[in-house]
Every structure is written in structure tokens, then in C-alpha cells.
Amino acid sequence: MTGQHLPKQPLQEIKDHLANGRMLVKRMLRLYTVSRLISDSLELQTVLEKVMDAIIQLTGAERGFLMLLDEGELSIRVARNFDEETLESDAFTISRSVAQEVLHTGRAIVSMNAQTDPRFAGYRSVAANNLTSIMVSPLRIRDELSGVVYVDNRAQSGIFSEDDLHLLALFGEQAAIAIGNAAHVEQRERTFQAQIDQLKIDVARREQQVAEIVESPYFQNLQDKIQAMRNKRQKPSDGDSM
């Protein structure tokens, strides 16, 4: 049958399906790149910044923060923007209330518009900082809840989806691996340094013990006797002088 065309609706669905497929491939490639960075054992801060940059670029977030527990409080370890720049501390206008809730419950949160989201009705930081799209995922390091990954967009609402939340969790796992590896290396270095320090102490103690023995009256008397015996052996006999 000539002149037939595919219905418009199925054609659009095919295009949407292909677009989603390309986006999925792009995300998986970025995840693979981050995984390689971690396996190559780059400096921890660099890896975490790369992880956050990837999350921001793939989700359309404006900013991204990685927060870790430090003496019971969430401390910002990485703060990046859409231009892959590190944010200064005066730009840390985020909702710590939302971050604390995710840390407390261990459940991720995504909000299309935090300003109208009833879950955040009592959170003054959301209104005060004019936060709209928010997404937060817990960060588990060696199965222990140790922080959160937080991204937002203050200019646009409705930009995050459940797929984005899943992506955030995946990249958060990569960050946790990097942090866990760094902690393991740091622990090994501390153990090795402690062994070196103890060896130095042992050597110094032995040197002190030797010095005390050498300077003791008994040792000095023993040295005098040995020297006297050497002198006696070296003194020519009467027969040799003739």
C-alpha cells in the first residue's frame, strides 16, 4: 500500500524511546568513567569532585553537595556548580533540614517543587533560600550511613525524576567506594607510620642503654684493664732490648 505513513503517535513514541536509550547510554558511560577514576586511585578530593560534576551534568542540577558525618554533624566535603567549579562557603545556601531527614531515615528524597511540597512545609531553609527542585540520597560507606549526596536547582522546578534519583544513588555508591578506599589507605599509612615511630623509639632506647653501659664505672674499669693488657704485650722484653 503506497502512500501510507506511520501514525504520528507511535512515531513520536519511537523517537522518545530512542532519546531515552541514548540518555541511558550516556549516563552509563559517565558512570563507567567515574568508576575508572576510582580504580586508578586518584586523589580522593579529585575523584569526589568528578563524581559530583557528573551528577550535575546528567541530572540538570544547578549545584551539588557531598556531605559526610563529622562528630555527629553533616559537614560539606564537596560543593560544585554547573560550571564544574568549587563553590565558596557563602554559597552553601541549602536545606540542611532535608539532608538531616534523609540521613535520619536512610531514604532518598526527590521533590519537583520544594516550595509547594507539603513534606517541607515546616522547613524554613527551603523558603528562605528559595529552593525548588531538590534531590537527596543517603551515602553508605561500608554499609554504614555516613552522609548524603544533595543536588538542587533553584531556578527550575520539576527537573528531577525517579530515574534521576536512581542515578544519584548509583553515583553516590561510587563516591562511597572512593571514600572507603581512601579511608583504608589512610588507616594502612597510619599503621605503617606508627610502626616506624615505634621502631625509632626502640632504636633510641637501645642507644641509650648502650651509652649507659659504656659510661658505667664497671665498663670504664674493664676498658682500663684491657688497655693495660695491650700495653704490657706491646712493652719490649729485656731479651729484646739487648
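Each reported figure results from applying straightforward, stated rules to the coordinates on display, with no laboratory input. Being a predicted model, the structure only gives us computed values, none of them experimental. All Cβ positions, even for glycine, are placed from backbone atoms using ideal geometry, and neighbour counts span all protein chains on display.
Side notes on the structure shown:
- Taken together, the criteria exclude residue 100 from residues that are in a loop (DSSP other than H, G, I, E, B) and either under 26 Å from the mean Cα position of the chain (by Cα) or of a type outside the set (Lys, Arg) (or both).
- Failed condition for residue 86, given (1) within 24 Å of residue 166 (Cα to Cα); (2) among the β-branched types (Val, Ile, Thr); (3) under 22 Å from the mean Cα position of the chain (by Cα): (1)
- Taking region 151-210 as the range and being aromatic (Phe, Trp, Tyr) and loosely packed, with under 13 Cβ neighbours inside 10 Å as the test, only 192 passes.
- Selection count, region 103-145, where residues are within 18 Å of residue 170 (Cα to Cα), part of a loop (DSSP other than H, G, I, E, B) and among the charged types (D, E, K, R): 3
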